[in-house]
Amino acid sequence: MGVVNVTPDSFSDGGLFLDTDDAMRHALELAAEGADILDVGGESTRPGSEPVAEDEERRRVVPVLERVAAAGARVQLSIDTSKPDVAGAALDAGATYVNDVTAFRADPGMAGLVAERGVECCLMHMLGEPRTMQDDPRYGDVVSDVKAFLEERLAFAVAEGVPEERVMLDPGIGFGKTLEHNLELLRRLDEIVALGRPVVVGTSRKSFLGRITGREVGERLPGTIATNVLALERGASVFRVHEVAPVREALAVAAATVGPWSPTANPTSTTTKSTR
Ligand code: HH2
């Protein structure tokens, strides 16, 4: 899943793709690098961020989705929003996946929209809200708490008419979590996978990687790769990243190592002549 932030203030690429042309070019590049899903967002959820008005969010994302859909890229389009009106406009523009970082809590009507439109969704765990979520987050046992939350939100979505097969779950790395909480969730990701739905992980460029490596936000690709490879080994299915090509390549090697590898099943395996 490649990230397309049409925002002035996202934590790692704010302002780079606010212009529709720039966002569209970036989206097509990520698709060409092998992204299966493009996650288009018009509101930053970084710690301390302020909410964006609905009109403005819609104005940012809809033209990008329309133009990427019209370009015919072979990629699924996701809308990263917690507002049903924005999601509805995005679905009209060609999106078929709703990534709601509030797991339908900001507006429970989002569940009905996803059900009615027959699209897929991702329900993510977040403790508190972006403005304050990093102010001293606490859990009993972080993995058990996140797992219980995701189980409850999955049950809510299903009760509202969303087929279970259309729901993916995300532990919400960096959303109301300390460094230790993030590491514990990754270490025990198999417990979240045990819920039986595909698991999405988003570690890309996040500050906990900088806490370990001392690297600035634009220099966290090695940490991003390490955590995604580990998440794959623990059973994650979708990897939300800013840099698609290098992560995809690392995941292809990790997947071939974890399970049986076949040259025909792997589109990135073009260099089979190497003798080393
Ligand atoms: N992380 C971010 C945003 N949306 N969605 C899911 N499902 N999982 C995540 O981990 C996740 C997410 C934060 O990353 P980014 O979009 O680059 O930053 P910002 O919120 O500042 O735009």
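Points to keep in mind about this one:
- One residue stands out among those in the range 40-54 that are within 7 Å of the ligand (Cβ to nearest atom) and either among the basic types (K, R) or under 14 Å from the mean Cα position of the chain (by Cα) (or both): the one that is surrounded by the most Cβ atoms within 10 Å (Cβ to Cβ), which is G41.
- When residues in the range 216-263 are screened for being of a type outside the set (V, I, T), touching a Leu at 6+ places or on another chain (Cβ under 7 Å) and closer than 23 Å to E184 by Cα, 13 of them pass.
- Leading residue by the ranking (surrounded by the most Cβ atoms within 10 Å (Cβ to Cβ)) among those in the range 223-242 that are away from the ligand (no atom under 14 Å from the Cβ) and not aliphatic (A, V, I, L, M): G223
- For the range 55-81, the set of residues classified as surrounded by 23 or more Cβ atoms within 10 Å (Cβ to Cβ), farther than 12 Å from L38 by Cβ and not charged (D, E, K, R) consists of T81 only.
- Sub-8 Å Cβ pairs linking a first residue in the range 155-174 that is touching a residue at least 40 places away in the same chain (Cβ under 8 Å) to a second residue that is hydroxyl-bearing (S, T, Y) and away from the ligand (no atom under 12 Å from the Cβ), at least 6 apart or interchain, are M168/S237, ordered by first then second residue.
- Residue within the range 57-69 that is under 25 Å from N228 (Cα atoms) and without any contact (Cβ under 8 Å) to a residue 40 or more places away in the chain present: no
- Of all the criteria given as (1) closer than 24 Å to E43 by Cβ; (2) part of a helix (DSSP H, G or I), the one not satisfied by D145 is (1).
- Within the range 149-180, considering residues that are closer than 13 Å to G112 by Cβ and in a helix (DSSP H, G or I), the one most open to solvent (accessible area, probe 1.4 Å): A159
- Candidate set from the range 196-222 (those that are in a loop (DSSP other than H, G, I, E, B) and exposed (fewer than 14 other Cβ atoms within 10 Å of the Cβ)); member that is nearest to the ligand (Cβ to nearest atom): E216
- Among the candidates D141, D107, D100, D136, the residue that is within 16 Å of the ligand (Cβ to nearest atom), without any contact (Cβ under 8 Å) to a residue 40 or more places away in the chain and either open to solvent by 40 Å² or more (accessible area, probe 1.4 Å) or within 17 Å of the chain's Cα centre (by Cα) (or both) is uniquely D100.
- Remark: A115 matches the filter, which requires a residue to be surrounded by 15 or more Cβ atoms within 10 Å (Cβ to Cβ) and farther than 22 Å from G202 by Cα.
- Of everything in the range 10-31 that is among the hydroxyl-bearing types (S, T, Y) and within 16 Å of the ligand (Cβ to nearest atom), the residue that is farthest from L77 (Cα to Cα) is S12.
The values are calculated or read from the model by the stated rules, or taken from the named source; none is laboratory data. These figures come from a predicted structure and were not determined experimentally. Counting neighbours? That spans all protein chains shown, and the Cβs are built from the backbone with ideal geometry, glycine included. The area values use the complete protein model at the heavy-atom level, side chains included, leaving out ligands, DNA and RNA. Shrake-Rupley method; radii C 1.70, N 1.55, O 1.52, S 1.80 Å.
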